[in-house]
Amino acid sequence: MKSLKTCLLSIFLLTISFSVLGQTIKNLDDPKNWEVHNREVDFDNGVIHLNGKPGDGVLWLKGSDFQNGTIELDIKGRNKPGASFVGVAFNGKDNSIFDAVYFRPFNFQNQNRREHMVQYIAMPHLEWKTLRENHPGKYETHIDPAPAPDDWFHVKLEIHYPKVEVYVNGSTTPTFTVEEQINVSGHGKIGLWVGESSEGWFKNISIKRNTMNDYTHILMDVAHDQVFWNDPKSMELENEKIGRVYMMTEELYKTARAINATVDYAKTEIDSKMLSDTDILYIHIPKKQYTEKEVKAIHKFIDAGGSLFIIMDSEYWSSLSDTNVNDLIAPYGIQYGDAIPDKLPGGHTIKGEIHEEPLKISYHEARKVIGGTPFVYGDELGEAYPAAAYVKTKKGGKLVVMGEAMVSLYMTSWEGVDDYQCQEFMQDVFNWLK
């Protein structure tokens, strides 16, 4: 962080009206509560100023983890064409992964560019240009009546994941609505954002967190050399797998919405702190050993009532010698065995505690699951070889252990069949685990 100057802050006290991670109310008059990226910031008599320089910049509110609620503030940019982009970042994970709603004041009085006054972006891959080309008019619009380009204007963001409503200058109807945030996590840090070569001024900030609607928190492990799943926003666009990962992530987004859940990624060693705010731990075809510390943390999580959804496949993708997944599930009376000897594609679930009706699923080779209550089979050999089973522990934990990986990749088509019920399967499983 570069220089942070304060001047006469006691005259104009800025407060934030929600608890951050269960802590007490935090004041915004203390520069120590902020961290800046790629800008110099001044706090002057209640006004926060970010200077202009090449690249985007953001001032993050430390410790903020906002999901639903209201963000209000006054913003001022400049009437400088192509060099005044000012707004609010949210769902922040780091300096490159975040969503934002921002304004282009230089377009406020330009009738030829009136539809480009306010913009939503989902960084790092879905910046304004990509969204405009692929979804014209969906993620940007006009403001009516438009503010003066060099004046302060008031902004209120009403966020109810996955919906964002933007109100400008006291409007009673939304100026701009984003029906679906392009983000499966649906929560993260809040920041004051400025775009390329832009400076901005911000004041009268009020943030009210709505805790009425609690979400189920799914944590996906991507730290053990997973074969398929990853956080797409952490991947380079040139990565040959990114298209597949985004496709699966969009389907997982549908699953999460259906069960009122959000998804985060475990990118480092799993520990109890990481699992403290997790409801479901999702592990899909790891190829790296779990440390003794990780095994203990996962057992502690399950024994405290947490849920585990773990998936392996036949020897083709990952062998049991690659990873010690059986160490994770052995205490609960369930294990992975060797490959199931069937050859024909196609599988099904049975009616029971997880599925109200049997589902047709994209089974093609699998690993035996020994123990628990079976609920998934291949069509060829049927109940001789369960490919998935579930367990409920005496302490309230739940496990779904699956030896078939295609359905959890949302593979709805395989070898001429295109009506597998993968989305229904995933919704049922996650809903049972929540």
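The values are calculated or read from the model by the stated rules, or taken from the named source; none is laboratory data. This one's a predicted model, so the numbers in the text were calculated from it and none came from an experiment. In this analysis, Cβ positions are derived from the backbone assuming ideal geometry, glycine residues included, and neighbour counts consider all displayed protein chains. Heads up: the accessible areas ignore ligands, DNA and RNA and are worked out on the full protein's heavy atoms, side chains in. Shrake-Rupley method; radii C 1.70, N 1.55, O 1.52, S 1.80 Å.
Which ones in region 109-152 are more than 17 Å from Asn183 (Cβ to Cβ) and of a type in the set (Ser, Thr, Tyr)? Working first, answer last.
Pass one, region 109-152, residues more than 17 Å from Asn183 (Cβ to Cβ): 109-118, 129, 132-133, 136-137, 140-152.
Within region 109-152, Thr141 is the sole residue that qualifies.
Just to be sure before I move on: is Thr349 open to solvent by 50 Å² or more (accessible area, probe 1.4 Å), of a type in the set (Ser, Thr, Tyr) and either more than 30 Å from Glu269 (Cα to Cα) or over 29 Å from the mean Cα position of the chain (by Cα) (or both) in the structure I sent?
Against the criterion (open to solvent by 50 Å² or more (accessible area, probe 1.4 Å), of a type in the set (Ser, Thr, Tyr) and either more than 30 Å from Glu269 (Cα to Cα) or over 29 Å from the mean Cα position of the chain (by Cα) (or both)), Thr349 does not qualify.
Out of region 92-140, which residues are in a strand (DSSP E or B) and more than 19 Å from Tyr246 (Cβ to Cβ)? Spell out how you get there, then give the answer.
Taking region 92-140 first, the residues in a strand (DSSP E or B) are 92, 98-103, 118-123, 126, 140.
Scanning region 92-140 gives Gly92, Ala100, Val101, Tyr102, Phe103, Val118, Gln119, Glu140.
Check region 369-379 and report whether any residue there is among the hydroxyl-bearing types (Ser, Thr, Tyr), open to solvent by less than 30 Å² (accessible area, probe 1.4 Å), part of a loop (DSSP other than H, G, I, E, B) and under 26 Å from Asn326 (Cβ atoms). Please lay out each step first, then the result.
Quick first cut of region 369-379, residues among the hydroxyl-bearing types (Ser, Thr, Tyr) only: 373, 377.
Within this subset, residues satisfying the condition of being open to solvent by less than 30 Å² (accessible area, probe 1.4 Å) are 377.
Among the residues that remain, those that are also part of a loop (DSSP other than H, G, I, E, B) are: none.
Among the residues of region 369-379, not one is among the hydroxyl-bearing types (Ser, Thr, Tyr), open to solvent by less than 30 Å² (accessible area, probe 1.4 Å), part of a loop (DSSP other than H, G, I, E, B) and under 26 Å from Asn326 (Cβ atoms), which makes the answer no.
Against the condition on the phi > 0 side of the Ramachandran plot, open to solvent by less than 30 Å² (accessible area, probe 1.4 Å) and at pLDDT below 95, how does Gly416 come out, does it pass?
Answer is no for this residue.
Determine which member of the set Asp56, Asp44 is over 17 Å from Phe153 (Cα atoms), more than 27 Å from the chain's Cα centre (by Cα) and of a type outside the set (Val, Ile, Thr).
Asp44
Out of the residues in region 121-162 meeting the condition of being small (Gly, Ala, Ser) and more than 23 Å from Glu236 (Cβ to Cβ), tell me which one is surrounded by the fewest Cβ atoms within 10 Å (Cβ to Cβ).
For region 121-162, the residue satisfying everything is Gly137.
Quick one: would you say Gly195 is more than 12 Å from the chain's Cα centre (by Cα), open to solvent by less than 50 Å² (accessible area, probe 1.4 Å) and either closer than 15 Å to His284 by Cβ or touching a residue at least 40 places away in the same chain (Cβ under 8 Å) (or both)?
yes
Name the residues in region 31-70 that are in a loop (DSSP other than H, G, I, E, B) and on the phi > 0 side of the Ramachandran plot, would you?
Residues satisfying the conditions are Asn38, Asn45, Gly46, Gly55, Gly63.
Report every pair of residues separated by at least 6 positions or lying on different chains whose Cβ atoms are under 7 Å apart, first residue within region 282-307 and within 25 Å of Asn431 (Cα to Cα) and open to solvent by 30 Å² or more (accessible area, probe 1.4 Å), second part of a helix (DSSP H, G or I) and modelled with pLDDT of 95 or more.
From region 282-307, the pairs are His299/Pro331; Lys300/Ser272.
Considering only residues that are among the small types (Gly, Ala, Ser) and touching a strand residue (DSSP E or B) at 6+ places or on another chain (Cβ under 6 Å), look in region 296-338 and name the one that is nearest to Asp418 (Cα to Cα).
Only one residue tops the list, namely Ser314.
Among the residues of region 265-274, what is the count of those that are open to solvent by 10 Å² or more (accessible area, probe 1.4 Å) and of a type in the set (A, V, I, L, M)?
The total comes to 1.
Could you check Asp74 against (1) open to solvent by less than 70 Å² (accessible area, probe 1.4 Å); (2) among the acidic types (Asp, Glu); (3) more than 23 Å from Gly170 (Cβ to Cβ); (4) at pLDDT 95 or above and say which number it fails?
(3)
Of the residues that make up region 402-412, is at least one open to solvent by 20 Å² or more (accessible area, probe 1.4 Å), touching a residue at least 24 places away in the same chain (Cβ under 8 Å) and on the phi > 0 side of the Ramachandran plot?
Checked region 402-412: no residue is open to solvent by 20 Å² or more (accessible area, probe 1.4 Å), touching a residue at least 24 places away in the same chain (Cβ under 8 Å) and on the phi > 0 side of the Ramachandran plot.
Given the criteria out of contact with any strand residue (DSSP E or B) (no Cβ under 6 Å at 6 or more places or on another chain) and either free of Cβ contacts under 8 Å to residues at least 60 places away in the same chain or over 14 Å from Val164 (Cα atoms) (or both), does Leu126 qualify?
Spelling it out, Leu126 is indeed out of contact with any strand residue (DSSP E or B) (no Cβ under 6 Å at 6 or more places or on another chain) and either free of Cβ contacts under 8 Å to residues at least 60 places away in the same chain or over 14 Å from Val164 (Cα atoms) (or both).
Quickly run through region 175-189 and pick out the residues that are modelled with pLDDT of 95 or more and surrounded by fewer than 16 Cβ atoms within 10 Å (Cβ to Cβ).
Listed by number, the list holds a single entry, Thr177.
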